[in-house]
1. Applying the selection to the range 88-115, what residues are of a type in the set (S, T, N, Q) and without any contact (Cβ under 8 Å) to a residue 60 or more places away in the chain?
2. For the range 359-376, name all the residues that are within 33 Å of the chain's Cα centre (by Cα) and either surrounded by fewer than 18 Cβ atoms within 10 Å (Cβ to Cβ) or under 19 Å from Ile328 (Cβ atoms) (or both).
3. Could you list, in sequence order, the residues of the range 257-286 that are surrounded by fewer than 13 Cβ atoms within 10 Å (Cβ to Cβ), of a type in the set (D, E, K, R) and under 26 Å from Met340 (Cβ atoms)?
4. How many residues does the range 74-87 hold that are at pLDDT 60 or above and surrounded by 15 or more Cβ atoms within 10 Å (Cβ to Cβ)?
5. For the range 182-228, give me the residue count where each residue is under 13 Å from the mean Cα position of the chain (by Cα) and outside any helix (DSSP H, G or I).
6. How about the range 91-114: which of its residues are over 17 Å from the mean Cα position of the chain (by Cα) and over 18 Å from Leu222 (Cα atoms)?
7. Looking for whichever is buried (at least 17 other Cβ atoms within 10 Å of the Cβ) and either among the aliphatic types (A, V, I, L, M) or touching a Phe, Trp or Tyr at 6+ places or on another chain (Cβ under 7 Å) (or both) here; the options are Val176, Val153, Val187, Val145. Which one fits?
8. Would you confirm whether or not the range 364-387 contains a residue that is outside any helix (DSSP H, G or I), modelled with pLDDT under 95 and either among the aliphatic types (A, V, I, L, M) or within 11 Å of Met264 (Cα to Cα) (or both)?
Amino acid sequence: MSNAKHYIWLVGFSVLAFWQIGQIAHWPKPVQTLLLYAPYITAALGIFISVFLNRIQPIFLLLTLAVLNFAIVYFFPKNTGQTDILAVTAFYPLLATFLPLNLLVWILLPEKGVMSKPYVFSLLALFGLQGFGFYWLMDNLPMNVILTMAQPVGASGITLPMVPFLVTMAAWLVIVIRNAFQDHPKVLDNTVIFVLILMAYGLNQYASFGVLAWLSSIAAGLIILSLVFDSHQIAHTDQLTGMKGRRALFERFTGLGRKYAIAMMDIDHFKSFNDRYGHDIGDNALKLVAYQLSKIPVGYPYRYGGEEFTVVFPGKTAEQVKPILDDIRVQISEVPLEVMEKGQKAETKVTVSFGLAEKTERSQQPEAVMKLADEALYVAKKAGRNCVKVYGETSTKTTSKTSSTTRKRTQTKEDKA
């Protein structure tokens with residue numbers, strides 16, 4: 001999984017949250033007091049970051065967590081020595097049912113940012129109407145329905161009533177299945193899975209001092225963390241192919257060692273292909289090539305731009321890499337691509353050309369090696385395309401010609417300078 005490191009952080013913080021639950025009673029009193037305000041502080045921080053990043057989904061996820069904590073504190077005071085029977089039998093089951101449903105709705109609704117005022121106002125109205133609906137249910141639900149909702153699960157250690165427990169499990173499964181069928185789920189989409197688990201346990205332990213506040217704070221922190229991860233991913237990932245983009249490529253250059261090879265790849269006759277079959281089919285061709293490149297076992301592929309891709313091979317020489325690229329080139333050329341031609345379904349295939357270079361005494365910097373790989377790509381195209389050429393292995397090594405893409409990169413660097 002390309003984003004495994006993101007989920008390692010999410011799992012790590014979740015484990016920390018559960019590990020510390022038993023220590024809350026031993027925390028210093030000032031820390032315990034601060035803990036009661038932590039859900040609101042983290043939620044406010046997350047909402048501020050969400051507005052800054054133009055994200056509406058996390059705002060309502062965080063609002064849900066904050067309102068839940070406020071409702072528990074308000075209706076379940078810990079210092080009175082008694083709890084309203086109505087709160088236990090009606091309010092608590094309803095609240096525990098509303099929570100997973102809210103988290104599910106907010107993550108399923110489309111992300112349209114905070115600048116779409118009609119959309120934001122409609123979500124605020126939906127959020128506010130739930131309050132009226134909640135109190136209406138409290139006043140009008142028949143007692144037999146209330147008692148049914150309050151029925152315990154019956155398992156040791158589970159105080160969460162049966163109905164909220166089943167609703168939470170259903171919401172969790174819906175999100176898991178939905179994410180599994182998405183090509184490129186956001187980190188936030190998977191973070192809600194962790195948030196549901198944390199909040200379900202928090203509600204299960206609502207009578208224990210500080211547990212719900214602690215788990216809510218961690219859940220809000222996970223949402224904030226996912227915003228950072230998603231923003232980083234958007235900046236570094238090509239949205240069409242799901243492959244890392246040019247910015248990530250140049251960041252990769254900073255960590256290369258003493259030995260590496262770089263390949264530049266171009267889809268053959270891609271402009272003609274686009275003109276003939278249309279941009280939608282062209283996008284499918286790009287996705288096909290990106291998928292095949294992602295199967296390279298020892299390299300790191302990036303979409304450089306347009307129909308160009310770059311593959312970095314740390315610790316490898318051009319001699320070691322060339323057979324791998326040849327295999328990928330053949331695989332790409334053998335995959336059929338469905339197209340529409342003269343109103344009829346047909347199949348076509350695409351081919352690619354590779355230029356390959358390695359670090360040498362002459363070319364010490366990755367940018368210089370990439371330029372040599374681009375010159376080798378130019379040689380591959382002059383040689384008839386659908387082949388792999390290594391810089392320095394042909395008689396055209398001394399040619400002064402460079403590909404148009406090399407000239408573009410050179411011009412871009414001059415402009416930046």
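The values are calculated or read from the model by the stated rules, or taken from the named source; none is laboratory data. Worth saying up front: this structure is predicted, and the values here are computed from it rather than measured. Positions of Cβ are generated from backbone atoms using ideal geometry, with glycine treated the same way; all protein chains shown enter the neighbour counts.
1. The first filter runs over the range 88-115 and keeps only residues of a type in the set (S, T, N, Q), leaving 89, 97, 102.
Within the range 88-115, Asn102 is the sole residue that qualifies.
2. The first filter runs over the range 359-376 and keeps only residues within 33 Å of the chain's Cα centre (by Cα), leaving 365-371, 373-374.
Of everything in the range 359-376, those that are within 33 Å of the chain's Cα centre (by Cα) and either surrounded by fewer than 18 Cβ atoms within 10 Å (Cβ to Cβ) or under 19 Å from Ile328 (Cβ atoms) (or both) turn out to be Gln365, Glu367, Ala368, Met370, Ala373, Asp374.
3. Hits for the range 257-286 are Lys271, Asp275, Asp280.
4. Here the count works out to 2.
5. Qualifying residue count, the range 182-228: 5.
6. Phe91, Tyr92, Pro93, Leu94, Leu95, Ala96, Thr97, Phe98, Leu101, Val105, Val114
7. Details: Val176 fails: buried (at least 17 other Cβ atoms within 10 Å of the Cβ); Val153 fails: buried (at least 17 other Cβ atoms within 10 Å of the Cβ); Val145 fails: buried (at least 17 other Cβ atoms within 10 Å of the Cβ).
The unique qualifying residue is Val187.
8. Yes - at least one qualifying residue is present in the range 364-387.
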